[in-house]
Each structure stands twice: as structure tokens, then as C-alpha cells.
Amino acid sequence: VMKLSHCSCGVLIAVFSSHENEKYGFPALTVFTGTQKINFAGGEPFLPEGGHFLGELLRGTKQEAARRGVRVTTSVVSNGGLVTERWLRDYGNCLDILAVSIDSFRAETLAAIGRSAEKGLIGAQRHIEHTQEIRRWCEQYGVKFKVNTVVCSLNWEEDMTAGIVQLRPFRWKIFQCLQLLGENAGKGALRDASELLVTAEQFRSFTTRNCTATVCAGGVTTCPEDNSTMRDSYLLLDEHMRFLNCVNGTKHATASILDVGVATALGEAGWDVAAFIQRGGKYEW
């Protein structure tokens with residue numbers, strides 16, 4: 001899927017699609033008036049064409065921005081397993097921020113969560129080591145490195161500070177595991193995340209333990225987001241370029257921006273501007 005959000009604060013957030021119409025049409029949309037930043041997430045953005053498709057979207061975005069005389073910051077969120085040095089060498093000049101999802105620095109916990117590309121403890125350990133490689137490559141090719149962590153029932157008691165200090169991301173986003181009907185809960189869901197949920201108290205316990213002076217002293221900005229903060233503060237666009245309204249705990253698609261324009265579709269998106277600002281969505285990138 002592709003989630004795209006354009007907002008009056010100059011931020012564009014997108015989730016990846018492999019459709020040809022997005023390949024050629026999306027770069028132009030990213031530099032719609034006022035856009036300052038676009039983020040490709042997933043799914044896994046590196047899956048189509050081994051990352052080549054993603055790279056060309058990033059390149060097209062930068063080229064279209066240059067053609068129009070504007071600056072657009074590009075960002076990607078990935079599980080990391082398919083990120084290679086060659087990809088960063090080829091496309092690093094089109095990418096400003098790379099965020100890698102890592103939910104634990106314990107191999108057994110990662111294996112239980114299933115975050116690593118390879119199964120079992122060996123695969124989980126490799127995921128941790130590969131994340132460290134990606135961090136070095138980002139530094140080598142001038143890409144800002146970021147970490148995303150989802151706090152769930154399997155990792156909420158963990159102290160991840162030592163691993164984060166070692167990785168030195170410029171931002172660490174910490175999300176409370178969130179359920180959405182039709183996606184990871186209820187009828188028709190691809191999976192059921194009920195057993196992974198944590199309470200607000202458990203989430204606060206994790207953030208208190210991990211958002212420490214030691215982490216911040218290493219230049220890391222910590223960004224914890226609980227369920228209420230997350231739910232309506234993001235704008236998402238699917239592969240048909242329809243905003244996904246999550247106000248009622250599900251994803252309801254608006255009309256496509258290709259049919260009705262950004263302004264009309266945005267009016268149906270249920271986006272909470274105040275929540276976006278409050279969670280620090282607008283920052284120096």
C-alpha cells in the first residue's frame with residue numbers, strides 16, 4: 001500500500017506502492033505546493049524490484065523538486081533486511097533519512113516478535129548486526145539514521161538504552177502497539193495483534209526506562225507516541241491515492257486525490273492538526 005499525507009504544515013507522508021501510475025505520477029505530487037517532506041513506509045518499501053523501484057521514486061521526487069525550485073526532504077522506513085550498501089551508494093544522494101525498525105536488542109525477543117528477515121535466533125541476531133551495518137553505511141553516504149520501535153507485550157520490560165546509544169540515531173520513535181479494525185483486529189484482518197497489546201502504564205514504564213539522560217546525551221531525540229497520539233495525527237494514502245481516515249479505530253478510504261484533488265480528499269481524512277504539532281511532527285529535518 002501507499003499512504004500519502006499532505007498537510008498545511010508542509011509534511012508529506014507516504015506508504016509504498018508498486019503501481020506504475022504512482023511510479024510516474026507520485027514525484028509530481030510530492031512537490032505539491034508547501035510540501036517539505038515525504039516518508040515512504042510499508043509494508044516493506046525495499047521489496048519491489050529489490051529496492052530499485054523505491055530508489056527511482058526517491059530520485060524522481062528529488063528531480064521534480066529541483067525542476068520546480070523547491071526542497072523536499074525524503075525519508076524511508078524499513079525493517080532493514082533488504083537494505084544494502086550498494087543501494088545506499090546508488091540512491092543515498094536521493095535519500096535524507098533512513099529509519100530502521102528494531103523492537104529489541106535481544107535475539108530471542110526479536111525472534112518471538114518476528115521482526116527479522118530470517119527466522120530463529122540466528123536470523124534475529126543477524127538483524128541486530130545488520131542494523132549496525134546500516135548505521136555505518138548511512139554515515140558513509142550522508143544519510144541521517146533513525147530508529148523506530150513498537151512497544152508490545154514481548155518487549156515492554158526491556159532496557160534498550162545501551163543498543164540505542166551504540167547506534168546513535170538522530171531520532172528514536174517509540175510507538176505503543178496499536179490495533180486497527182480490519183488491519184490487525186476484527187473480521188477480515190490480515191493478523192490479530194491482541195496478544196501484543198500493552199497498557200498505557202506498561203508503555204509509560206518502557207519510555208521512563210529508555211528515554212534517559214544518557215540516551216539524550218548521545219544526541220538522540222526520543223519521540224514516544226501512545227495510541228491516542230498516533231491514531232489521528234498521521235495522514236495515510238493507499239495505492240489508489242485515497243486518504244485513510246482512522247478516527248473510528250479503522251481505516252476508511254476517502255475519494256482519490258486523483259479524482260477530487262488534495263483539498264477535497266483532505267477534508268475527509270480525519271487528520272488532527274493539533275495532535276500532529278503536539279507529537280513533534282514538525283521538526284528540523
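The values are calculated or read from the model by the stated rules, or taken from the named source; none is laboratory data. Everything quoted here is computed from the prediction, not taken from an experiment. Cβ atoms come from the backbone with ideal geometry, glycine included; neighbour counts cover every protein chain shown. Accessible surface areas use protein heavy atoms only, side chains included; no ligands, DNA or RNA. Shrake-Rupley method; radii C 1.70, N 1.55, O 1.52, S 1.80 Å.
Quick notes on this one:
- Fully extending the segment from Asp159 to Glu284 would add 42.2 nm, taking 0.36 nm per residue of separation and subtracting the current Cα-Cα distance.
- Across the range 128-135, rounded Karplus estimates of 3J(HN,Hα) from the backbone phi angles (6.51 cos²θ - 1.76 cosθ + 1.60, θ = phi - 60°) give 4, 5, 5, 4, 5, 5, 4, 4 Hz, Gly and Pro being marked x.
- Accessible heavy-atom area order of Cys211, Cys216, Cys246, highest first, probe of 1.4 Å: Cys216, Cys211, Cys246
- Inter-label distance for Asn248 and Met230, nm, one decimal - labels placed 7 Å from Cα along Cα-to-Cβ: 2.2 nm
- Taking label positions 7 Å along the Cα-Cβ direction at both Ser194 and Arg89, the computed distance is 5.0 nm, reported to one decimal.
- Legend: residue pairs Lys146/Lys251; Lys62/Lys251; Lys62/Lys146; Lys37/Lys146, Cα-Cα distance threshold 22 Å; pairs beyond threshold, Lys146/Lys251; Lys62/Lys251.
- Charge sum, other residues only, whose C-beta stays under 9 Å from Ile97's C-beta, Lys/Arg counted +1 and Asp/Glu -1: +3
- Taking label points 7 Å from Cα along the Cα-to-Cβ direction, Ala217 and Val70 give a separation of 4.3 nm.
- Rounded to the nearest 0.05, the FRET efficiency derived from the C-beta distance between Glu139 and Glu201 at R0 = 41 Å is 0.65.
- 5 angstrom amide H check on Phe175, placed H, neighbours 5+ away: Thr149, Val150, Val151, Glu225
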